[in-house]
1. Can you tell me the 0 to 90 degree angle between the C-alpha axis of helix 16-29 and the longest principal axis of the chain, rounded to 10?
2. Keeping all protein chains in the complex and leaving out DNA, RNA and ligands, what accessible area do you get for Glu18 with a 1.4 Å probe, in Å² to the nearest 10?
3. So, with a 1.4 angstrom probe, what is the percent of accessible area on the chain that is carbon and sulfur?
4. So in the chain, what percent of DSSP beta bridges are antiparallel if you round to the nearest 5?
5. How would you rank 45-52, 225-232, 78-85, 9-16, highest first, on the average number of other Cβ atoms within 10 Å across their residues?
6. Using a 7 Å offset from the Cα along the Cα-to-Cβ direction at both Cys221 and Ala149, what is the distance between the two label points in nm, to one decimal?
7. Grab the DSSP H runs of the chain that are 4 residues or longer, score each as -39,500 (n - 2.57), total them, divide by all residues and round the 222 nm result to the nearest 500 deg cm²/dmol.
8. Given a 1.4 Å probe and the protein chains all in place, what does the accessible area of Tyr127 round to, in Å² to the nearest 10?
Amino acid sequence: MEIINIRGVNFCNVTLAEAADWAADTLTSSPDTPRAVFTPNSEIVQLCIEENEYYALINSADLIIPDGIGVIKASRILGTPLKEKVAGIELGEQVLRIAAEQGYSVYFLGAKPGVAEQAAQKMQEKYPALTVAGIHDGYFKKEGEENEAVLAEIRAAAPDVLYVCLGVPAQEKWIDANRTALGSVKLCLALGGSLDVWAGNVKRAPKLFIRLGLEWFYRLCCEPKRIGRMMKLPKFLFGTYAEKWRGRK
Ligand code: UDP
C-alpha cells in the first residue's frame with residue numbers, strides 16, 4: 001500500500017473500496033495483535049502539528065485514511081495527491097457489510113447509553129445477517145478497574161471487529177493503550193460519532209454538501225460550538241501553503 005506523508009501523518013493512498021478490501025483481508029488473516037484503523041481529518045493533523053506528541057499515536061495505526069476534504073486539498077497543494085476522501089463512517093459501514101456477509105461478529109463501544117443499541121438495531125435491519133456480539137457505552141473511566149471490566153466484557157463477547165467511538169483523540173489513545181488486551185478482536189476502527197449517525201440521532205450532511213466538499217460547513221451550521229475545533233482547518237491549509245513555499249513537505 002502506498003503511504004503519502006501529509007504534514008507528518010502517514011496516510012494510506014486508498015479508495016474506499018481498497019480500504020474495505022484491506023479490512024476483509026485483515027479479517028481473513030487473523031493477525032496476532034488487532035490491526036487499527038484511524039481516520040484523521042485536518043483538525044487532527046493540525047493537532048499533531050501543534051502538539052507533536054500526537055504524531056506517534058496517530059501514526060501507530062495500520063490503516064490511516066483521510067477523512068476530510070482539507071487533507072485531500074493539502075495532498076494536492078503538496079503535489080502528492082491522495083486518491084479520494086475516505087469517510088470513516090463509510091468504511092465502518094462497508095466493514096459491517098463484510099462482517100454480515102462473511103460471518104464475522106462486531107462489538108460497538110462508545111456514545112451515550114442507549115445509542116449503540118439503537119445503532120445495532122438499525123444496522124441489523126439493514127444487514128439482517130449481522131451479529132452484534134456486544135455493546136458498551138462510552139462513558140466509563142478509561143483506566144483502572146472500570147476499564148478492566150469493559151475489556152473483560154469485550155473479551156467475553158469475543159468479537160472479530162471492535163468499533164471504538166469515543167471521540168478524538170480519546171478513541172485513538174484507548175485503542176493504543178488496550179490493543180493487546182482485546183482477546184479475539186482482529187480489527188479496531190476509531191470512528192468518532194458514527195454510532196450517533198447510525199442510531200439516527202445525528203444526520204450526515206446531504207449528498208450535495210458531501211460532493212461539494214462542504215460537509216464541514218453543514219456540521220458547523222448544525223453544531224456551531226464546533227467553531228473552535230474547526231478553526232484548525234484554515235490554520236492547517238495556510239500552514240500547508242507555507243510549507244509548499246518553503247519547498248519541503
Ligand atoms: N463519547 C464517548 N465517551 C466520552 C466522550 C464522547 O463515548 O467520554 C462519544 C460521544 O457520545 C460521541 C462521540 O464520542 O458519540 C464523539 O463524537 P464526535 O462527533 O464529537 O466525534 P469526533 O469529531 O470527536 O470524532
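1. 40
2. 70
3. Values: 6230 of 11700 Å².
Carbon-and-sulfur percentage of accessible area, whole number: 53.
4. Numbers: 4 of 23 bridges.
Close to 15 percent.
5. Working: 45-52: 17.9, 225-232: 13.0, 78-85: 16.1, 9-16: 19.4.
Sorting 45-52, 225-232, 78-85, 9-16 by mean packing, highest first, produces 9-16, 45-52, 78-85, 225-232.
6. If labels sit at Cys221 and Ala149, their model points lie 4.3 nm apart.
7. Working: 13 runs with 124 residues, N = 249.
Value at 222 nm, helices only, nearest 500: -14500 deg cm²/dmol.
8. Counting only protein heavy atoms, the figure is 40 Å².
The values are calculated or read from the model by the stated rules, or taken from the named source; none is laboratory data. Keep in mind that this is a model prediction, so the values were computed, not measured. Heads up, the Cβs are rebuilt from the backbone with ideal geometry, glycines too, and the neighbour counts pull from every protein chain shown. The area values use the complete protein model at the heavy-atom level, side chains included, leaving out ligands, DNA and RNA. Shrake-Rupley method; radii C 1.70, N 1.55, O 1.52, S 1.80 Å.
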